[in-house]
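Here the structure is laid out as structure tokens; the discussion comes afterwards.
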Amino acid sequence: MSYYDIDSILTDAEKIPCTFELELPDLGYLDNNPSQPLKVGTQLSLPLWLAEMLALANTGTSEDSRAPVTLNLPQALSGQVVAALKADPRAIPLRDQSAHFYGLGTHMLDLFEEGELGAVLRRTFVMRATDIALHARKAGDDGVGGSSEDFLRGLDEWERSLFRKAHEGTKSTKEWMDKVKKR
């Protein structure tokens, strides 16, 4: 991903639930309590970029060198969502979970050792890609319309990009075939 990739920037802005492991003075404003320190055990949702930095940070004390926060999986990747994706990946509108569902998922896989989550995400993408290709092939010349527009509402950004590329490829192939037939 590029530094200037807007999808990467928006993925990094997704909120991640965190639990603070240290008492942090002067940060109570994060919990709407500016006059108090941030207490141990406080649970907050922080942007992914900040949560990741805090989770990987080292306090520097010799005997207790732990990170200020521990990360939890976001609601978009909760056990309920993963169970539903295992049952039928096509039944879940991923955009309702997160507009950047796969980007968030791959980022979480870098931070957590969740082999099952990786397998579920891979299977989900592969199974949904066949439907995306089918809809892209049947879409009108403008790429949307009718059932394709309804279908696009449930796709996350990676899937929408795949849809656009598949539709453009189908459209270009059709144009090329029409040119060949005219010769």
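Distance between the modelled labels on L30 and E149, one decimal in nanometres: 4.4 nm (7 Å Cα→Cβ projection).
The overall shape of segment 1-72 is oblate: from the C-alpha gyration tensor, with semi-axes ordered a ≥ b ≥ c, the ratio a/c is 1.5 or greater and a/b is no larger than b/c.
What stretch of the chain, leaving out the sites themselves, is the longest with no GluC sites (Glu not before Pro) in a DSSP loop having at most 11 other Cβ atoms within 10 Å?
114-183
Taking chymotrypsin sites (Phe, Trp or Tyr not before Pro) as exposed when DSSP calls them loop and at most 11 other C-beta atoms lie within 10 angstrom, the chain has its longest site-free stretch at 5-183.
Between A129 and T170, the simple spin-label model (points 7 angstrom out along Cα→Cβ) gives 1.7 nm. Ranked by how many other Cβ atoms sit within 10 Å of their own Cβ, fewest first, the residues K182, K174 fall in the order K182, K174.
Expressed in nm², what is the orientationally averaged projection area of the convex hull enclosing the Cα positions of the chain?
Approximately 14.5 nm², given one-decimal rounding.
Each label was represented as a point 7 Å from its Cα along the Cα-to-Cβ direction; for K179 and L10 these points are 3.3 nm apart.
Going from the residue with the fewest nearby Cβ atoms within 10 Å to the one with the most, I9, I16, I132 rank I9, I132, I16. Cβ-Cβ distance of R122 and Q43, R₀ of 35 Å, FRET efficiency by 1/(1 + (r/R0)^6): the value works out to about 0.70.
Taking 0.36 nm per residue of separation and subtracting the Cα-Cα distance, full extension of the segment from R90 to L56 would add 8.8 nm.
Only the coordinates and a few stated rules stand behind these numbers; no lab work does. All figures in this text were calculated on a predicted structure; none of them were measured in a lab. Note that we place each Cβ from the backbone using ideal geometry, even for glycine, and neighbour counts take in every protein chain shown.
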